[in-house]
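Written below as structure tokens is the structure these notes are about.
The values are calculated or read from the model by the stated rules, or taken from the named source; none is laboratory data. What you see is a predicted model, and the numbers here were worked out from it, not measured in a lab. Methodologically, a virtual Cβ is constructed for each residue, glycine included, from the backbone with ideal geometry; neighbour enumeration extends over all protein chains shown.
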Amino acid sequence: MHAADTAIAHLQAHKSAWANLPIPARLDLLHRCIAGTVAVAEDWAIAACRAKGIDPNAPLAGEEWLLGPVGLLLNLRLLIQALAAGGQPRPVSVRSRADGQQVAQVFPDSLQDRLMWLGFRGEVWIEPGQPASQGQIYRPGGNSTAGVALVLGAGNVSAIAPMDALSKLFAENQVVLLKLNPVSNYVKPFLETALRPLIEGGFLAIITGDAAVGAFLCQHEGIDTIHVTGSHHTHDAILWGNTPAEQAERKAANQPVLAKPITSELGCVTPILVVPGRWSVADLQYQAQHVASMVAHNASFNCVAGKALVLSKHWPQRDDFLAALKSALAATPARKAYYPGAQDRYQAFLDRYPQAIALAPRTPDIVPWTLIPDVPPAPGEYALTTEAFCGVLAEVSLDAGNTAAFLQQAVDFANETLWGTLSCVLLIDPATQRQNAAAVERAIAQLRYGNIGINAWTGMNFLLSALTWGAFPGNPLSAIGSGRGIVHNAYLFDYPQKSVVYAPFHIRPKPIWFANHRTLQQVTRRYVEFLASPNWRRFAQVAIAALRG
């Protein structure tokens, strides 16, 4: 472990310099990181495509541009905006709910974003009883405690690890040792180029290694805090021991293996709550494609992939919608099951649900998109308490007679029965939303999820790093669920509770997360060029490509 020891010692030697580095110097580093990211964007996306079995020349390759360089560039741009405002960028607006809770609109915050994301709105809800204050470490007398953070990166999305590192650096004032997940080791040379200014300054180091290396680093005396993106099993192994028996014993005695602060993002059985309404044939087909895309994106290896479709048993169009969904999934090309353990996880669902409908053939390399109809809405049900992390979607129908009753029952079901508090989607047509405005607002307020999408997949909450990313607050370390703590948060709110993205029922042009987007690679390539140096000519190029999707 000599290389890790050396890296940690180097970071320890520079942690105080980072904590006291003034904003102008930080801004210079961020601008240089943008140049470095743009320089490797194409090679990075191609390498990710090859790792995941995607043709680098196909439209689908645009996914890897989004999940890598675009995500990182958006984060860097927003951090520049935040620091240029002294660490307290002005929200678009701040409102107070009737109970006094503060809600800050943070997106879109520019004319270009308003035009690029027509009809979208992004909000950060603040913890009840707390102010919408910002940038604590940048305020006079703010906390500038130096430290070394270990970031254990995710393996599924290549932008996650560097974005987590940026949060530790620029929101928490800690230098970072970033250990990549072995599944995404291919990204190391690209991150080392993209973030070279931070590495050369002694503020960031990137290493690779297996689980044993991760365990060693967690125990290292030179590591002050830990952030992990992965599974709750990994979190509990770090904090409570290697075996279920040891974990249970330590939890009962409240004696964790580590006493270091640890934050985490650990996945979710993401519900898609479909509010019954009167939908046209076009509505049914559009939203079926929307749900299919929430399942298929990144081969369903997303912590916010759609996993529980929640319908009303009494919705007259329930059967029509399920038929449209099956057609949409069947028409979505199969993807390589690149993430380790996918076949075993898939088989575990098949063993428990003989009614599962596979919508394509299964092969050693492919887990087909699979709908599991009529899953009972019961506490402890396997499909509702186990994140599949493969192309499985469970369907649950609730016995609620009208819209208001369905909303309340769906919220209670999501909060009390489903595992996780990271991500929740609600689909509702405009007429139904207008007629039930108070019930919808109440449902959003009551949902205990860190990220909520209204007519938008919560993958957008992740991509738009003006928003916060993480589980709903309150998970104890002994029952960690989707984790604790937040990242991204480019508006640097001190007390965020959750983020909500609102979108039109029909999003135009076609959303960039739709599996059948015809020009996705063109859009994302031009988006990288736009983010490298934003101007109206490059904006127009993005818009033209998007309109052809």
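Quick notes on this one:
- Of all the numbered requirements in (1) among the hydrophobic types (A, V, I, L, M, F, W, C); (2) touching a helix residue (DSSP H, G or I) at 6+ places or on another chain (Cβ under 9 Å); (3) more than 23 Å from K326 (Cβ to Cβ), A414 misses one, and that requirement is (2).
- For D55, the criteria (1) without any contact (Cβ under 8 Å) to a residue 60 or more places away in the chain; (2) in a helix (DSSP H, G or I) hold in every case but one, which is (2).
- Looking across the stretch 298-327, the residues that are of a type outside the set (A, V, I, L, M, F, W, C) and within 16 Å of C424 (Cα to Cα) come down to S300, N302, G306, K307.
- Qualifying helices (runs of 4 or more DSSP H) (wholly inside the stretch 441-549; at least 1 residues being more than 21 Å from the chain's Cα centre (by Cα) and among the charged types (D, E, K, R)): 520-532, 536-547
- Matching option when the condition is in the same structural domain as G306 (by TED's automatic domain parsing), exposed (fewer than 13 other Cβ atoms within 10 Å of the Cβ) and not basic (K, R), among N436, N402: N402
- Count of the stretch 392-412 residues which are within 18 Å of M294 (Cβ to Cβ) and in a loop (DSSP other than H, G, I, E, B): 0
- Of all the residues in the stretch 312-337, those that are surrounded by fewer than 23 Cβ atoms within 10 Å (Cβ to Cβ) and either touching a Gly at 6+ places or on another chain (Cβ under 6 Å) or of a type in the set (A, V, I, L, M) (or both) number 8.
- Cβ-Cβ under 6 Å pairs, at least 6 apart or on other chains, the stretch 409-433 side within 19 Å of Q497 (Cβ to Cβ), far side among the basic types (K, R) and part of a loop (DSSP other than H, G, I, E, B): N415/R448; T421/R448
- Extreme residue, farthest from the chain's Cα centre (by Cα), among residues of the stretch 357-374 that are part of a loop (DSSP other than H, G, I, E, B) and buried (at least 19 other Cβ atoms within 10 Å of the Cβ): L359
- Among the criteria (1) touching a Lys or Arg at 6+ places or on another chain (Cβ under 8 Å); (2) within 28 Å of H233 (Cα to Cα), the one W369 does not fulfil is (1).
- Any chance G420 is touching a Leu at 6+ places or on another chain (Cβ under 6 Å) and closer than 20 Å to H232 by Cβ: no
- One residue stands out in the stretch 450-466 among those that are over 16 Å from F514 (Cα atoms) and not hydrophobic (A, V, I, L, M, F, W, C): the one that is surrounded by the fewest Cβ atoms within 10 Å (Cβ to Cβ), namely S465.
- Just one of the listed residues (V281, V291) is crowded, with 20+ Cβ neighbours inside 10 Å and assigned by TED's automatic domain parsing to the domain that holds I444, namely V291.
- Check on G470, crowded, with 23+ Cβ neighbours inside 10 Å, within 25 Å of P91 (Cα to Cα) and either in contact with a strand residue (DSSP E or B) (Cβ under 9 Å, 6 or more places away or on another chain) or among the polar types (S, T, N, Q) (or both): yes
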